[in-house]
Each structure stands twice: as C-alpha cells, then as structure tokens.
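Read through the structure below, which is laid out as structure tokens, and then see the notes.
Every number in this text was worked out from the coordinates using simple rules, so none of it is lab data. Note that the coordinates shown come from a computational prediction; the quantities given were computed from them, not determined experimentally. Note that each Cβ is placed from the backbone with ideal geometry, even for glycine, and that neighbours are counted across all protein chains shown.
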Amino acid sequence: MKIAIASDHAAVEMRTTLAQHLREAGHDVTDLGCPDEQSVDYPQYAEAVARAVSGGAAERGVALCGTGIGMSMAANKVPGVRAALVCDPFTTRMSREHNDANVLCMGARVIETETAWQLLQLWLETEFAGDRHARRVEQINQLDTSPNRPA
Ligand code: RB5
C-alpha cells in the first residue's frame, strides 16, 4: 500500500520507527518529515499527509504529534480526508469499520511506539464495513462541499 507519514518534533522517533516497520512489511512509504526534533508547526505536516491522501499520491496517511489532536484537527480540514485519532484497538478498528478513516493520527506522548505499531497494523488490515456506514460516510464527505446546509 502507498502510505504517506509525517510528524512534528514530538513524534520523530515514533515516525521513524513506524516508517521502517512499514517498509519492512512491504509498503511503499513516503516520509514527509519533519526533519528532526527542532520545534516545528504541526499543521504544515498534517497538511502534507492530508494532501497526499486527498490528491491520490497515497492511499492512506499516518500523522503523528504529541497528542495526535492537532494533527487530526488540521488533516480533517482537507477535503476527502477522514482522519481518526486513536489510542486503543477498539477505536482503531471502529475508525476503519464504521468511518472508513484514511488518515490515522496518534500521539507519541500518549502511547508507546510499540503500541502505535500494533494499532497501525490493525488499522491497515481492517476493512470498511460499508452498508449503513457508507451512507454516513457519504454524509461526512458532503460536508466538504456543502458546509452551510441548513439543519
Ligand atoms: C507540540 O508541543 C504539541 O502541541 C503537538 O505535538 C501536538 O500535541 C498538538 O496537538
């Protein structure tokens, strides 16, 4: 699978390790930074992953920061992106089965890198369940172009 990955300074070690594991597992990984542990602004790295996914350069994205919160907020501003912040197996599985998440966000100050790798593998292998969830995901997608639809 083509996977874009990025982090801010808070998750460099996690990103580097996950990118290596993904490559060893046979994935085509594009590492979009950041360069090192010097402080950077996470929205720029979230945008890079999100645009890679929305533009089709990557099938999935992984966006990491201290909590994963900022990355998920920023990534979800890009049309076509459904970024999910997860920290355990249940939310990870649900983000795929129910929400068809295409960007996975995690926090390096929240979970250990080994846990993040376990969650990432689970996320990549879990299929979208479709059916009634497809209708709901389509309603999410419509918000990209109809943000002011009356209630
Ligand atoms: C950086 O200190 C921190 O704010 C960032 O990594 C992330 O947690 C933002 O949501």
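Over segment 1-142, what portion of Cα pair distances is larger than 24 Å, expressed as a whole percent? I get 20 percent for the Cα pairs in segment 1-142 exceeding 24 Å.
Helix 132-142 and the long axis of the chain differ in direction by around 80°, with both axes built from C-alpha atoms. Remark: segment 1-133 carries a charge dipole of roughly 380 debye about the Cα centre, counting +1 on each Lys and Arg Cβ and -1 on each Asp and Glu Cβ.
If neighbour count is taken as other Cβ atoms inside 10 Å, put Thr17, Thr92 in order from fewest to most.
Details: Thr17 15, Thr92 23.
By the 10 Å Cβ count, ascending, the order reads Thr17, Thr92.
Just add up the charged neighbours of Thr113: K/R +1, D/E -1, any other residue whose Cβ is under 13 Å from the Cβ of Thr113. Don't skip to the answer; put the middle values down first.
Values: positive: Arg15, Arg109; negative: Glu13, Glu112, Glu114.
With Lys, Arg at +1 and Asp, Glu at -1, the net is -1.
Working ranking of peptides 23-33, 122-132, 69-79 by packing, defined as the average number of other Cβ atoms within 10 Å per residue, highest first, is 69-79, 23-33, 122-132.
The relative contact order of the chain comes to 23 percent, based on Cα pairs under 8 Å that sit 6 or more residues apart.
Selection among Leu32, Ala116, Thr145 by position relative to the dipole of the chain gives Thr145 as farthest towards the positive end (Cβ unit charges, Cα centre).
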